[in-house]
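Rule-based calculations on the coordinates, nothing more; no lab input. Small disclaimer: the values here were computed from a predicted structure and weren't measured. Please note: Cβ atoms are built from the backbone with ideal geometry, for glycine as well, and neighbour counts cover all protein chains shown.
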Ligand code: PFF
């Protein structure tokens, strides 16, 4: 450890960015982020539609060749450059700061609508007790959200009181957890919620397995369609699922890694997170398909008629199952409670990307930065999403922010790191320095070749699909898709570039100490964030 720097900016600074108490806390928080709605409501349908049991193969290949390697990349950048996304990217090379802001803005958009899903799930946990949807779950959901949609919908932002109240409750809970800080808020909530989630979900799976028809559901889910492996679309779907599910390239894992002590085994931790997330994902597939098998049998239809994902699965199919199954209320509470727990720890992680950035930029303490970020976020999220436009907005923003936000940001960052900055060797050294195993050329190939190629192809395919589609996306009015889809996604990049041009104030964390109290990078303090080329710089921990 070096002696604390005595430069005026560094003293007294101890930047107080917060830190995880250790590796376990970090692993729980990272699993908390990774395990989210992607696992529960996205994976089962994606796997089913892309080869069933055969999907496991591309899925594992994607996990090993892209998910885990990109997780390592995120960890290495956050840990090596010890900062929020904009600070870490700026320290990496000054002009790459815009990537960090791009990630922050993506996080911001996701946070706005993710809170809505949590609010719905919270309400539905309560509705499960008396199965308030009666025997028409779809009709009830329509009434409950009062969602407008379709070409002829008159766009109106009328407040839906039931949603308003739970959305406020979600934001209040988020503010409390975020204000408590990295260890006492983020890590502590994951350490409690993740085991609870696993217990609840295991009970749900066991209960579902005993429902009549469950075995048929599992049979449909696991039955391998080997021919699917020849379809490139199946492989793209596997990579897409892995990227989203592991929360890579969101800026989340980068931010979390910046709160780790210097002497941390990053690669070992990454493996634990990667496999824990996928393990839970497969468990979700089993639970969801047992329940769908029951539903198909109860309604006397084929499984493929009842398979859905996303909002339809959670708020229409599951309520139907709950009404039809014996002890349905128990299934309801376990299912919606799991959605709340899984979603909450993911929302925490995405909000942290924004808070960390504001904290670094202005050198603020935890509570002011939490309030500066969360109050405006809560107000905008509540104002926009507790209205009759909540569902259509969520639908369009989610589609564009995923397909043109996360995927594009991931593609751009892997290409820049590999080919423009030529930064992989430095990051490899950083990972190997404390890692429980060594990574090398294979990692370079995954990050520098496989990831950009797959991401580029999926970007192209989704563009072609949108251009080829007749009419507008989901029949929403053209201007609506233009504003909340295209302009939003492109706007994020433009605003990110703008933000990266704003100078860092003297009191920012760019000029302060890192969470261990050591100067982050002397060259940063000396030279306004201008960092020597990675090849020329010594890995951070070797300097101390
Ligand atoms: N890994 C998360 C999931 O599977 O749901 C992805 C995610 C979504 C993280 C939204 C954070 C978030 F706010």
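Worth a mention:
- Using the Cβ-Cβ distance between residue 229 and residue 372 with R0 set to 41 Å, the FRET efficiency from 1/(1 + (r/R0)^6) comes to roughly 0.25.
- Estimated 222 nm signal from helices in the chain, with DSSP H stretches of n ≥ 4 weighted -39500 (n - 2.57), rounded to 500: -20000 deg cm²/dmol
- Gain on full stretching of the segment that runs from residue 436 to residue 263 - 0.36 nm per residue minus C-alpha separation: 61.1 nm
- Cα centroid of region 479-498 to Cα centroid of region 222-274, whole Å: 27
- Compared with the dominant principal axis of the Cα atoms in the chain, helix 161-181 is inclined by about 30°.
- 0 to 90° range, to nearest 10: angle between helix 451-468 axis and the chain longest Cα axis: 50
- Applying 1/(1 + (r/R0)^6) with r as the Cβ-Cβ distance of residue 467 and residue 219 and R0 = 45 angstrom yields a FRET efficiency of 0.75.
- Prolate/oblate/rounded label for the chain (Cα gyration tensor, a/c 1.5): prolate
- Rounded if a/c under 1.5, otherwise prolate or oblate - region 153-207, Cα gyration tensor axes: oblate
- Gyration tensor (alpha-carbon) shape descriptor, region 128-254, a/c threshold 1.5: rounded
- Kirkwood-based Rg to Rh ratio, region 38-181, C-alpha trace: 1.06
- Taking the longest Cα principal axis of the chain as reference, the axis of helix 366-385 is set at about 30 degrees.
- Percentage relative contact order, the chain, counting C-alpha pairs under 8 Å, at least six apart: 34
- Each peptide in 120-131, 467-478 gets a packing score, the mean of other Cβ atoms within 10 Å over its residues, and the list from highest to lowest is 120-131, 467-478.
- Relative contact order (%) - region 361-467, alpha-carbon pairs under 8 angstrom, separation at least six: 27
- Förster-model FRET efficiency, 41 Å R0, residue 460 and residue 168, C-beta, rounded to 0.05: 0.50
- Additional length obtainable on full extension of the chain from residue 155 to residue 486, 0.36 nm per residue less Cα span: 117.3 nm
- Translational diffusion of region 298-368 was estimated from the Stokes-Einstein equation, with Rh taken as the Kirkwood radius over Cα pairs; at 25 °C and 0.890 mPa s the coefficient is 161 µm²/s.
- Each residue, residue 196 and residue 210, gets one label point 7 Å from its Cα in the Cβ direction; the gap between the two is 2.5 nm.
- Ascending count of other beta-carbon atoms within 10 Å, so fewest first, for 200, 253: 200, 253
- Reciprocal mean inverse distance between Cα atoms of region 171-240 - Kirkwood radius, Å: 16.1
- Shown for 182, 493, 202: other C-beta atoms within 10 Å of each C-beta, ranked fewest to most, produce the order 202, 493, 182.
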